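A.B. asks: The structure is given below, and queries will be raised subsequently.
The values are calculated or read from the model by the stated rules, or taken from the named source; none is laboratory data. For clarity, every value in this text was computed on a predicted model and none was experimentally measured. Cβ sites come from the backbone with ideal geometry, for glycine too, and all protein chains shown count toward neighbours. Side chains included, ligands, DNA and RNA excluded: accessible areas come from the protein's heavy atoms. Shrake-Rupley method; radii C 1.70, N 1.55, O 1.52, S 1.80 Å.
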Amino acid sequence: MKQVRPKKNLGQHFLTDLNIAKAIADTVDACPDIPVLEVGPGMGVMTQFLVEKPRPFKVVEIDRESVDYLKATLFKEHENPIIEGDFLRMDLSKVFDGQQFVLTGNYPYDISSQIFFKMLDNKDLIPCCTGMIQHEVAVRMASQPGNKQYGILSVLIQAWYHVEYLFTVEPGVFNPPPKVQSAVIRMTRNEVTDLGCDEQLFRRVVKTVFNQRRKMLRVSLKQLLPVDASLFTTQASLLTRRPEQLSIPEFVELTNLVGEELKGI
């Protein structure tokens, strides 16, 4: 059967190096004994190693040509584990009948952030997420306060997950080669079960201040609060800082302060 043609509109860059594919597949071993869901298997270069692991396994693929290829090759003699559809539109609680699972894949660059926001929305189902993404995004996700790469993804993901930058992957091992480097990451749930603040407001505060990351908090927070809010007086020293200087506990504290102000409006 002829190989699948990579489609630009789906952000497809097929990995061709089997050693790297196996190394990425093996990142799921950090969370043993639970099922694995692979996003966007393409022609199955990672899938061939994942399917041999002794645990339940499924893939979700939106590209009909890739689905047909996998059915005719890798899954010709295996039970078909393919879910045909859009991962971003799936009800993840139904994938393994409510059971927790590891999420993995060679994620399309243009939707990787959306994939991780969906992971956060389903964090109780996904104790571990691994895979390959754009190098720049991986660096942001793993960055710490005080670093210029520290931003929205850093805070929102690290609030709930430990993030490990595992290794870099060069463009030459893909068809077609992307114009940027890639990186393999692993996220495992931390011990936090309750942030200690309103989670939706936490997201709103983080996104608001990082959307004006070069400005002091007292400037960016005026998008959420009236100019005469008492917070601007009582927390004057805190609000002279910029968002990349705040740790996650400090963002929780800031969210609670903003929440108190909003109650009075």
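A.B. asks: Note down all Cβ pairs under 8 Å where the first residue falls in the range 128-152 and is of a type in the set (Ser, Thr, Tyr), the second is surrounded by 19 or more Cβ atoms within 10 Å (Cβ to Cβ) and assigned to a helix (DSSP H, G or I), and they're at least six residues apart or on different chains.
C.D. replies: 130/24; 130/27; 130/28; 143/154; 150/140; 150/244
A.B. asks: Further, regarding this structure: Residue by residue through the range 144-157, note down the ones that are closer than 21 Å to residue 111 by Cβ and of a type in the set (S, T, N, Q).
C.D. replies: Taking the range 144-157 and keeping what is closer than 21 Å to residue 111 by Cβ, we get 149, 151-157.
Once the filter is applied, which keeps residues that are closer than 21 Å to residue 111 by Cβ and of a type in the set (S, T, N, Q), the range 144-157 yields 149, 154.
A.B. asks: Here's a follow-up. Only one residue in 94, 22, 53 is basic (Lys, Arg) and open to solvent by less than 60 Å² (accessible area, probe 1.4 Å). Which one? Full working, then the answer.
C.D. replies: Numbers: 94 fails: open to solvent by less than 60 Å² (accessible area, probe 1.4 Å); 22 fails: open to solvent by less than 60 Å² (accessible area, probe 1.4 Å).
Checking each option against the conditions leaves just 53.
A.B. asks: Turning to a different aspect of this structure: Name the single residue, out of those in the range 97-113 being touching a Pro at 6+ places or on another chain (Cβ under 9 Å) and buried (at least 23 other Cβ atoms within 10 Å of the Cβ), that is nearest to residue 25 (Cα to Cα). It would help to see each step written out before you state the result.
C.D. replies: Going residue by residue through the range 97-113, those that are touching a Pro at 6+ places or on another chain (Cβ under 9 Å) are 99-102, 105-106, 109.
Right, trim to buried (at least 23 other Cβ atoms within 10 Å of the Cβ) and you get 101-102, 105-106.
Details: 101: 14, 102: 11, 105: 8, 106: 10 Å.
The residue in question is 105.
A.B. asks: Would you mention how many residues in the range 141-169 are farther than 16 Å from residue 252 by Cα and touching a strand residue (DSSP E or B) at 6+ places or on another chain (Cβ under 8 Å)?
C.D. replies: Matching residues across the range 141-169 total 10.
A.B. asks: Can you tell me which residue is surrounded by the fewest Cβ atoms within 10 Å (Cβ to Cβ) among those in the range 249-265 that are of a type in the set (Val, Ile, Thr) and either touching a helix residue (DSSP H, G or I) at 6+ places or on another chain (Cβ under 6 Å) or farther than 15 Å from residue 192 by Cβ (or both)? Give the derivation first.
C.D. replies: If we filter the range 249-265 for residues that are of a type in the set (Val, Ile, Thr), which is where we start, we get 252, 255, 258, 265.
Retained after the next criterion (residues that are either touching a helix residue (DSSP H, G or I) at 6+ places or on another chain (Cβ under 6 Å) or farther than 15 Å from residue 192 by Cβ (or both)): 255, 258, 265.
Numbers: 255: 22, 258: 23, 265: 7.
Ranking the qualifying residues of the range 249-265, first place goes to 265.
A.B. asks: Report, by residue number, each residue of the range 194-233 that is at pLDDT 95 or above and hydroxyl-bearing (Ser, Thr, Tyr).
C.D. replies: 208, 220
A.B. asks: Take the residues of the range 231-241 that are in contact with a helix residue (DSSP H, G or I) (Cβ under 7 Å, 6 or more places away or on another chain) and outside any helix (DSSP H, G or I): which is most open to solvent (accessible area, probe 1.4 Å)?
C.D. replies: 241
A.B. asks: Follow-up question, since we're still on this one. State yes or no: is residue 116 open to solvent by less than 40 Å² (accessible area, probe 1.4 Å) and either touching a residue at least 12 places away in the same chain (Cβ under 8 Å) or in contact with a Gly (Cβ under 9 Å, 6 or more places away or on another chain) (or both)?
C.D. replies: yes
A.B. asks: Kindly establish whether residue 43 is under 12 Å from residue 66 (Cβ atoms), modelled with pLDDT under 95 and open to solvent by 60 Å² or more (accessible area, probe 1.4 Å).
C.D. replies: Values: under 12 Å from residue 66 (Cβ atoms): yes; modelled with pLDDT under 95: yes; open to solvent by 60 Å² or more (accessible area, probe 1.4 Å): no.
So residue 43 fails the test.
A.B. asks: Still on this structure, please answer the following. If the requirement is being touching an Asp or Glu at 6+ places or on another chain (Cβ under 8 Å), farther than 30 Å from residue 21 by Cα and among the charged types (D, E, K, R), which of these qualifies: 213, 218, 204, 242? If you could, list the steps in order and put the result at the bottom.
C.D. replies: Values: 218 fails: touching an Asp or Glu at 6+ places or on another chain (Cβ under 8 Å); 204 fails: touching an Asp or Glu at 6+ places or on another chain (Cβ under 8 Å); 242 fails: touching an Asp or Glu at 6+ places or on another chain (Cβ under 8 Å).
Residue meeting the stated conditions: 213.
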